[in-house]
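Worksheet: the structure to be examined is printed underneath.
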Amino acid sequence: MASTEDQVVATTTNNDHLVQSDDPEHPANLIPELCRKFYNWGWVTGTGGGTSIRHGDHIFIAPSGVQKELMKSENIFVLQWPTKKYPAEERNYIRRPLKLNPSACTPLFLTAFENGAGCCIHTHSQWAVLVTLLVEREKGPDACFEISTIEQIKGIPRGKGKGMLGYYDTLSIPIIENTAFEEDLTSGLEAAMKKYPDTYAVLVRRHGIYVWGDNVAKAKTQCESLDYLFQLAVEMHKLGLPWVK
Ligand SMILES: CSC[C@@H](O)[C@@H](O)C(=O)COP(=O)(O)O
Ligand SMILES: [Zn+2]
């Protein structure tokens, strides 16, 4: 794991201009800013979790095993898109910071981008982990978290170009089983996306969640809505209230 010092001093001589911008909306500025917020929300503590943004034919990726809330724009990797998923082609990393490795979540993020996403967020939120435990009896390809008749469901799309879910709809988020290594989750994520082509999120049992959106704002607000619903479901469970009518 890179030390904080390594993280702060890590620099590169290759294509630095790709991560240098005064624009706060530039992905190399947005990823560190988002990760600081996500850390404060308990989504990316202890180096877990992260986020990646697609901007045209460039993919911006955080480094692996670092304190995500301390990340700086000069720590960001840039991949030329499209690229092979795992391992991503060496030559396609058009910017690599010294002393750092790209996030182990990269093949998962690339799966979301193949699906048309503009941003993908991975959290280790305890609410996400807890709901996967509450529905643990449901294993296999049909495992799913479901909730209905809660206003915040309207923050989640019905599917690409299909508008948002309604109050009386049931939100279904597929759950895949965790693996020892992050990259080995890729086939499970692909299978869940195939089975649930309208989903914008996949829970990973005892691990967290991957949420994506057409752009950064949509990925962030969808992830916030889901986290709200997971927390609510856990609290409803504690109160003995059913969360699916
Ligand atoms: C606390 S270790 C977590 C990792 O194994 C992984 O699950 C994760 O979310 C972050 O991977 P990383 O390679 O640091 O971006
Ligand atoms: Zn993780």
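The values are calculated or read from the model by the stated rules, or taken from the named source; none is laboratory data. Fair warning: this is a prediction, and the values are worked out from it, not measured in the lab. Neighbour counts run over all protein chains shown; Cβ positions are idealised from the backbone, glycine included. Surface areas here come from the heavy atoms of the whole protein model, side chains and all, with no ligands, DNA or RNA. Shrake-Rupley method; radii C 1.70, N 1.55, O 1.52, S 1.80 Å.
Suppose the filter is open to solvent by 60 Å² or more (accessible area, probe 1.4 Å) and within 15 Å of ligand 1 (Cβ to nearest atom); does ASN75 pass it? So ASN75 does not fit the description; no.
Listed by position, the strands (runs of 3 or more DSSP E) inside segment 85-194 whose residues that are away from ligand 1 (no atom under 13 Å from the Cβ), within 22 Å of SER225 (Cβ to Cβ) and of a type in the set (S, T, N, Q) number at least 1 are 144-148, 170-176. Of the residues screened, TRP81 is not one that is touching a residue at least 24 places away in the same chain (Cβ under 8 Å) and within 15 Å of ligand 1 (Cβ to nearest atom).
The single residue among GLY240, GLY213 that is surrounded by fewer than 15 Cβ atoms within 10 Å (Cβ to Cβ) and more than 19 Å from GLY42 (Cβ to Cβ) turns out to be GLY240. The set of residues in segment 115-133 that are under 21 Å from ASN40 (Cβ atoms) and of a type in the set (Ser, Thr, Tyr) comprises THR123, SER125. The residues of segment 27-60 that are within 14 Å of ligand 2 (Cβ to nearest atom) and either among the β-branched types (Val, Ile, Thr) or part of a loop (DSSP other than H, G, I, E, B) (or both), listed by number, are GLY42, TRP43, VAL44, THR45, THR47, GLY48, GLY49, THR51.
ARG91 passes every criterion in (1) surrounded by fewer than 20 Cβ atoms within 10 Å (Cβ to Cβ); (2) modelled with pLDDT of 95 or more apart from (2). Taking the criterion of being of a type in the set (A, V, I, L, M), within 16 Å of ligand 2 (Cβ to nearest atom) and either within 22 Å of ALA128 (Cβ to Cβ) or in contact with a Leu (Cβ under 9 Å, 6 or more places away or on another chain) (or both), would at least one residue in segment 68-82 satisfy it? Yes: one or more hits.
Tallying residues that are touching an Asp or Glu at 6+ places or on another chain (Cβ under 9 Å) and of a type in the set (Gly, Ala, Ser) within segment 43-63 yields 0. Of the numbered criteria (1) out of contact with any Pro (no Cβ under 9 Å at 6 or more places or on another chain); (2) more than 18 Å from ASP16 (Cα to Cα), the one ILE94 fails is (2). Within segment 187-215, the set of residues being touching a residue at least 60 places away in the same chain (Cβ under 8 Å), away from ligand 2 (no atom under 16 Å from the Cβ) and more than 11 Å from the chain's Cα centre (by Cα) comprises GLU190, MET193, ASP214, ASN215.
Checking the structure you have, find out if any residue of segment 221-243 is within 13 Å of the chain's Cα centre (by Cα), of a type in the set (A, V, I, L, M) and within 16 Å of ligand 2 (Cβ to nearest atom). Looking through segment 221-243, at least one residue is within 13 Å of the chain's Cα centre (by Cα), of a type in the set (A, V, I, L, M) and within 16 Å of ligand 2 (Cβ to nearest atom).
Is it the case, given these coordinates, that SER64 is within 15 Å of ligand 1 (Cβ to nearest atom), assigned by TED's automatic domain parsing to the domain that holds PRO27, surrounded by 17 or more Cβ atoms within 10 Å (Cβ to Cβ) and modelled with pLDDT of 95 or more?
yes
When the test is whether a residue is under 16 Å from the mean Cα position of the chain (by Cα), in the same structural domain as TRP212 (by TED's automatic domain parsing) and closer than 24 Å to GLU114 by Cα, GLY161 does not pass it. Among the residues of segment 100-130, those identified as surrounded by 15 or more Cβ atoms within 10 Å (Cβ to Cβ) and more than 16 Å from ligand 2 (Cβ to nearest atom) are LEU100, PHE113, ASN115, ALA117, GLY118, CYS119.
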